[in-house]
1. Based on the alpha-carbon set only, what is the convex hull volume of segment A:82-152 divided per residue, in Å³?
2. Applying 1/(1 + (r/R0)^6) with R0 = 35 Å to the Cβ-Cβ distance of B:E182 and B:R538, what FRET efficiency is obtained, to the nearest 0.05?
3. Using alpha-carbon pairs under 8 Å, 6+ residues apart, how would you state the relative contact order of segment B:206-268 in percent?
4. With the Cα gyration tensor of segment A:2-78 in hand, convert its eigenvalues to equivalent ellipsoid semi-axes via √(5λ) and list them largest first in whole Å.
5. Under 8 Å for C-alpha pairs, at least 6 residues apart: give me the relative contact order for chain B, rounded to a whole percent.
6. Within 15 Å, Cβ to Cβ, of B:L529, how many net charges do the neighbouring residues add up to if Lys/Arg are +1 and Asp/Glu are -1?
7. Going by how many other beta carbons lie within 10 Å of each one, how would you line up B:T58, A:T119, fewest first?
8. If you average the sequence gap of Cα pairs under 8 Å that are 6 or more apart and divide by the length of segment A:82-152, what percent do you get for the contact order?
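Values quoted throughout were computed directly from the atomic coordinates according to the rules given, and no laboratory measurement underlies them. Bear in mind the structure is a predicted one, so any value in this text is a computation, not a measurement. Positions of Cβ are generated from backbone atoms using ideal geometry, with glycine treated the same way; all protein chains shown enter the neighbour counts.
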Amino acid sequence: MRHILSLLVENEAGALSRISGLFSARAFNIESLTVAPTEDESLSRMTIVTTGSDQIIEQITKQLNKLVDVIKVIDLNERNYIERELLLIKLDSTKIGTPQLESIVSEFKGVVIDDSDNTITIELINTGEVLDSFIDKLEKDWIFEVVRTGVSGIALGASVIKY
Amino acid sequence: METNEKLRGADIFVRSLIDEGVTHLFGYPGGAVLHIYDALYKQQEINHILVRHEQGATHAADGYARATGKPGVVLVTSGPGVTNAITGIATAYMDSIPLVVFSGQVITSMIGNDAFQEVDAIGISRPCVKHNFLVKDVKDLASTIKKAFYVAMSGRPGPVLVDIPKDVTADMCDYSYPKDIEMRSYRPVTKGHPGQIKRAIKMLMSAKKPMVYTGGGVILSDAHEELTFMTQKLGYPITNTLMGLGGYPATDKQFLGMLGMHGTYEANMAMHHCDVLLAIGARFDDRVTGDLEKFCPYARIIHIDVDPASIAKNVPVDIPIVGDVKSVLSDINKSLESQLHKIDKEAIALWWNQIHEWQKMDCLRFDRQSEKIKPQHVIETLYNLTNGDAYVTSDVGQHQMWAAQFYKFNKPRRWINSGGLGTMGFGLPAAMGVKVAHPDDTVVCISGEASLVMCIQELSTCLQYGLPVKIILLNNRYMGMVRQWQEFFYDKRYSHSYMDALPDFTKLAESFGHVGLRVEKSSDVKGALEEGLAMTDRLVLMNFITDQTENVYPMIAAGKGQHEMHLTPERELA
Ligand SMILES: Cc1ncc(C[n+]2csc(CCOP(=O)(O)OP(=O)(O)O)c2C)c(N)n1
């Protein structure tokens, strides 16, 4: 099953490689990993999307907790949470009719952030699934470039993950 | 602890070690650590032991740590110095041994430039250390050293590497060594959960076929007394892993011997048939469990370990207890007495009857009439002559298994071997480290001719520092353990397992300034051992020319269950 793990880690040079190294060394799956500092500069928040049986997810969580740089590991699947991913996509504007594109973009609540040199670049924030179905609506030969960030997640309501 | 004294990085390094209580440092110099070596030259408190290869330094520090419970400390230079140390670091990591390894690094401004003798020590060591640090500023040096020792020694112990660029050892800064250390991201649990402990005791009382299975964690947390007390109160059978030997007195009647691939028939059968398994400081390694599908099919399992990640990693557990083994066992012992009356004495008596039947198999029997030297005979004789009181290190192979089977360890920290990584070359330098720690005790290295030469250079170190260890070489002119597998599983195609062109070990020992003995006849074994052991101030290499065809039994082949052991060919199980 797919799990989203949310981590608080020391904002230190080695932390990312320790964590990614753990996944490769122990043959754990890693679908995406995002990381950035939090409001406290000494801490980073990391979101890891992984898949595995309950037993494997338990091992992943324990092994992550064991790393000296890791302060907290939360499996968001155990709470109500929301996940978001950012897509930046550059299209060939010579191939697309404006009304056609406008309707797809507005259906998905995307934003055109650049329109120049016969290209159109759209920004879209949603779950990975919605981003997938957006991309599916587009013809292959319209697409110049796809850039996705991987998933960030946060628990809903009163549940706060803090040091 | 001094405060506000301006010192050079190299002196801060030395002062920090002294303030940490370090008395012995195993090392090898080079460009990146020359400032530190200069600082070492000017002081008396720390004894530096100059090894002959950095692998030897790590194994020696490892042996020192295993024999004392104190951290082993290593100093190596950048580049090849630290790459040579990696095997020893990985060895310590697999067996959870506390080492603090300091490596020199090129100057901060050169890092990443492929400078002379630069390697990414942090990157190379990452997968085989508990943690590592790069010290970029002399201001952080003392506190990083404090953290390194704290991390290495606490929780589940392990090696920690500290990489120190050369300029950091030249820079000046105020020195004060921190008293305590707080790391918000590292807080190992020590105390077991009282509710879980209660449930565990209840389950133990309900057992009809109980079994206690303990590993290196008992040794690491110095919990042998608590373990012995509990087990004897319970009256239950107990087995130790290869790493756990000495955690429970091997000559006690409740002890069933080692378990696992080359464990005893009775230990493995009792594991297979038990209904409650109490696992303590053990990690259900594949050499212990055999085929996981067939492992302990009837058992409810209690598992005590300081590392939560060790619990339910390979085998599902009914009652996990996270905590330091010593603390959890003493908590159990506090509430045990009042519960003992609940034990089903009749069932336990029947269970012992069954176990005594298994013991009649006499699974460690070997040919005592042989004129050729049987390796088992050598170790048994050694055991008798040393009253089971020697510190015994070993290398890796058949000799290691025979040592584990035939030397009965009644005390912890006496049996020192590379169980997890299985590093050939470990034995001699480890013995050296043990001898440094316990100069007045008998320290024996049991080795094979293939393993021994892997770190033979350390014979020099032994001479220089007066470390008269005894080397028991079980010389079968084969990589015996490889040969055994080839005999069993590759139709006797002995591919590259023959040790051709061996040195004359007597002359070899002599050329290093030591004593060599060659023993060829079974009837000479005892005399030779007596002679070698009597030379207490000399390193003696006793070269026993053993029966080449001898195999280690019992044996659980890969993919088999614990109840599917091979015994010696003439009495193979149905
Ligand atoms: C560094 C290293 N290389 C290879 C091995 C694989 N290996 C395990 S046992 C063994 C043979 C050991 O032979 P020897 O030291 O003569 O001991 P014996 O088995 O004959 O007692 C080998 C090659 C190992 N464990 N370590």
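1. 78 Å³
2. With R0 = 35 Å, the Cβ-Cβ based efficiency is 0.10.
3. Contact order relative to length: 32 percent.
4. The three semi-axes for segment A:2-78 are 20, 13, 11 Å.
5. 14 percent
6. Value of the local net charge: 0.
7. Exposure proxy ranking, most exposed first: A:T119, B:T58.
8. 52 percent
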